[in-house]
Amino acid sequence: PQKTSFHRSQTLGYKNGFAFSRLPTVGIGGVQLYVNQLSQADLDELSSTRPTLTYGQARQAPRSGFVPAHVAFDKKVLKFDAYFQEDVPLSTEEHYRIRQVVIYYYLEDDSICVIEPVVQNSGIPQGKLIRRHRVPKNDRGDRYHWKDLNRGMNITMYGRTYRIVDCDPFTQVFLESQGIELNPPEKMVFDPYTELRRMPMRMYITPSDFDSLKQFLTYDKQVLRFYAMWDDTNSMFGENRPYIIHYYLADDTVEVREVHEPNDGRDPFPILMKRQRLPKTFVDEKKTFPSCVLEISDQEVLEWYTAKDFAVGKSTTLLGRTFFIYDCDEFTRNFYRDKFGITDFQPVEIKKKPPEVVPKVIPPYNGFGFLEDSLQNCHSLFPKPPKKDIIKMLENNHKVLRYQVALESPNPEDRKRRFILSYFLSDDMISVYEPPVRNSGIIGGKYLGKTRVAKPGSTTENAMYYKPSDLTIGSTVEVFGHRFVITDADEYVLNYMESNAESFPVAALQSMRDHFHPRQVVEETAKSDVPAPRTSRQELDELIVQVQEELKLHNYLDNRNIQEALLRCDEDNSGFLNKAKFLSVCSSLNVPTSAVLVNKLIDLCSCGDDKINYRDFLRAFPS
C-alpha cells in the first residue's frame, strides 16, 4: 500500500534494425527481481552437471493431468448464514436492529459476496451488500480464504462484523473433507422490532350482511369460461373477432381475453378488458357526467353483472361491446346445471368466411444468376441458398471431363479456333477455355466462366442442362447462342465412360472407343519391347537422302506447302493419315522427284493396311 513507483523495465530492444525481446532486469518500481537471475547455487549446479549438458536432460515421467481451479471448482459455492447488529440511535421503538445476511464464497476464484434477503416493508435498501470480489483480510494485503470461515465465529469485512451461525450441507461436507473441524451450529437471531410488527393488530370492523370471505373460500380458483364472438363488421376494416370471457366466482369479476391466430396481423395484447366488476345498470342513466372518467362505486351502480347474465346463444353488452356467446367449457356446464338447473348448452356453430386464396405467381426468369438462386427470392422474404447434392460433390470432387471443341461460324477466321470445354462432374457446370495461339490475332484465355448451360429448347419451368451423356465426338453443344462441335477428348473421358457405362448410351461409348482406337494402337506399338528391323530403318534413312539429293538437283527447296497440306488433313493431330487421303494429297502437290522413290518412301512409312505415318514422310522434305 505504501508503494508509489510503478515503473516497468524495458523488455523490447532493437539491434541492427531488428526488434528482439529481452528479460526484465528489475521488477515493477525498481524492485530487485529474483525470477530471471541465477543464484550462486544454480551456477554451482550447472557447473557440476556436465553429463546433463552433454547428453541432455534425463527423461522424466509424464505429469498427471492438471485441472485448473476454475474448472475443478466451477459452480461450487460455500453458503453461510450470518447476521450483524446495527445501532438505531434516533428511534424510541428500537435501539438496535438485527439484519440477516447470506455469505457466498466462490471456490473457483476465492471471491466473497454478501447478500441480504429482502424483507417486505422494511424501509431499508436491501439486496447485495458486498459485491463479489476477493475481500481483504487485513492491512497487509491478505485475502479471506475458505479456511478462515467456520460456524460460530465472527468475521469482519469493511468495518462490519458478521456472526456466522450455520452453513448448508454442501459447505459442511466440503469443509469436513478438507480436514476442518466445524463448530456446532447456532440459532439465527431475529430482529425484535420486525417480529413485533408481524403480530396481528386488532381491527374493529362491523360485519356486513354478505359474507364475502365465505364466497371467496367457497369459489376460490373457480372460473366460468365462455367462448364469444364480437361482430365488428359495421366499422371500416372490421371483422368477426373471437374472445374468451372469464367470470371469477370468487369476487364476481369479469375478464375478456383475446384469441390470437398465426399471422392475424394484430399486436399480441392478451387482454381486452382487465379483470374488474362490470356494471350492468346505473342509478341515473341520463346524467351528463362521462362515465369513462368517473370512478364507479356501489352508489352509482344499480346492478352488477353476475353469473346468471351469461348464457350460451345470447348476446351480452360489456362496456359498449356486444359479445355473442356461442359455447362454454365443461366446468361451466356443470356449474349452471347444479346452480340454476339449466340443461340446454347446445353450442352455436359459427361459420367463418374462408380467406381468399391468392395464387402464387412466379415471375419470369430475368437472366441474372442461376435459375435456382433467383427462384429462392420468390419463396421467402429472406432467401436461402438452394440445397446442393453433397454426396455427389464429395464423390466427384476434382473430376473434370475435358473435350476439344471447334466453333461453328460463318467467318473463316473463327473456324480455325480451338477451345477446351471442361465439364465438372461435382456440380454439372461447364467452362470454355481458348488456348492462346501466337500470331493469330485473337486473345486467348477464359472464353466462358464456370456455369450451368441449358439445352436448346429448355424453359424456366422445365430446365434441362447438358449432361456427360450429351457430350460425344461430333455432337454440337450450344452455349448461349454459340455452337461448338466436339472434335476430341482426353483419355480420362473414355476411362470415366467405361467405368460408368450404365449412365451412357451404348452408341456414345462405342463412338468414343472407335475415336481412341488408332491412338491406342500407336501407343502400344511405341511401347512394344520388340525393336523395328534395322534394315527397314536403314532403308528409310538411305531413301530420304536420295530424295533430298534429287530435290537439290531440281532446286526445289521450299517444302512448306507439303507440310501445311498434310498437317491440315490431320485434324486430331495423331501423326497418321488415311492412305487414300494421303495419296490424293501427294498427287495434288506435283513434287519434282521420281515416282519410284516416292512410292518406295510411302511403302516404308506405311503403318498397317490403311494408315501412313506422314511425319516420317516429311523427313524427306525439310522446310
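Derivation of every value follows stated rules applied to the coordinates shown; laboratory data play no part. Not measured: the values here are computed from a predicted model. Cβ atoms come from the backbone with ideal geometry, glycine included; neighbour counts cover every protein chain shown.
Just checking my list (1) 2.00; (2) 1.15; (3) 1.85 against Cα Rg over 2.2 N^0.38 Å computed from this structure; which label fits?
(1)
Just subtract the alpha-carbon distance of S9 and L319 from 0.36 nm times their residue separation and send over the number in nm, one decimal.
103.6 nm
Could you order peptides 501-510, 404-413 by the average number of other Cβ atoms within 10 Å of their residues, highest first?
Order by mean packing, descending: 404-413, 501-510.
State to the nearest 20 debye the size of the charge dipole of the chain about its Cα centre, where the only charges are +1 on K and R beta carbons and -1 on D and E beta carbons. Don't skip to the answer; put the middle values down first.
Numbers: 80 positive and 86 negative charges, 302 e Å.
The dipole magnitude comes to about 1460 debye.
Is the shape of segment 328-405 best called rounded, prolate or oblate, per the rule: a/c under 1.5 gives rounded, else a/b larger than b/c gives prolate, else oblate, with a ≥ b ≥ c the square roots of the Cα gyration tensor eigenvalues?
prolate
Short version: ³J(HN,Hα) in whole Hz for each residue of segment 79-85, in order, from phi by Karplus 6.51 cos²θ - 1.76 cosθ + 1.60 (θ = phi - 60°), x for Gly and Pro, what are they?
For segment 79-85, the Karplus-derived couplings read 10, 10, 8, 8, 8, 9, 9 Hz, x marking Gly and Pro.
Which lysines have a Cα lying under 18 Å from the Cα of K600, excluding residues fewer than 8 positions away in the same chain?
K579, K581, K611
Place the peptides 304-313, 189-198 in order of packing, highest mean first, counting for every residue the other Cβ atoms within 10 Å and averaging per peptide.
Working: 304-313: 16.1, 189-198: 13.0.
Top of the packing list down: 304-313, 189-198.
Report, by chain and number, residues whose modeled amide H sits under 5 Å from the one on Y144, excluding near sequence neighbours (fewer than 5 apart, same chain).
Result for Y144 returns V135, K137.
Can you give me the long-range amide H partners of N240? Hydrogens built in the peptide plane at 1.01 Å from N, cutoff under 5 Å, separation of 5 or more residues or another chain.
Amide H neighbours of N240, under 5 Å, 5+ apart: D232.
Summing -39500 (n - 2.57) over the DSSP H runs of n ≥ 4 in the chain and dividing by its residue number, what mean residue ellipticity at 222 nm do you reach, to the nearest 500 deg cm²/dmol?
Computed ellipticity for the chain at 222 nm equals -7000 deg cm²/dmol.
Let's test the formula: R0 of 41 Å, r as the Cβ-Cβ distance of T460 and E491. What FRET efficiency results, to the nearest 0.05?
Once the sixth-power term is evaluated, E becomes 0.65.
Once each part is reduced to its C-alpha centroid, what is the distance from segment 94-171 to segment 389-458 in angstrom?
About 78 Å separates the Cα centre of segment 94-171 from the one of segment 389-458.
Arranged from highest to lowest average of other beta-carbon atoms within 10 Å per residue, in what order do the peptides 152-159, 357-364, 87-94 appear? Show your work: numbers first, answer last.
Values: 152-159: 12.9, 357-364: 7.4, 87-94: 9.1.
With the highest mean Cβ count within 10 Å placed first, the list reads 152-159, 87-94, 357-364.
Give a residue-ordered list of calculated ³J(HN,Hα) values for segment 350-355 (Karplus: 6.51 cos²θ - 1.76 cosθ + 1.60, θ = phi - 60°; whole Hz; x for Gly, Pro).
So the Karplus estimates, Gly and Pro as x, are 9, 8, 9, 5, x, x Hz.
Could you go through segment 387-392 in sequence order and give the Karplus-derived ³J(HN,Hα) for each residue, using 6.51 cos²θ - 1.76 cosθ + 1.60 with θ = phi - 60°, rounded to whole Hz, and x for Gly and Pro?
Karplus values, whole Hz, x for Gly and Pro: 5, 10, 7, 5, 5, 5.
What residues have an amide H closer than 5 Å to that of K280, excluding those fewer than 5 places away on the same chain, when H is modeled at 1.01 Å from N in the peptide plane?
E303, W304, Y305
Please give me the summed charge of the neighbours of G141: other residues whose Cβ is under 11 Å from its Cβ, Lys and Arg +1, Asp and Glu -1.
Once positives and negatives cancel, what remains is +3.
Among residues other than D414 whose Cβ falls under 12 Å from its Cβ, what is the net charge (Lys/Arg +1, Asp/Glu -1)?
+2
Under 14 Å from the Cβ of G127, count the other residues' Cβ atoms, weight Lys and Arg +1, Asp and Glu -1, and hand me the total.
Charge balance near G127 sits at +3.
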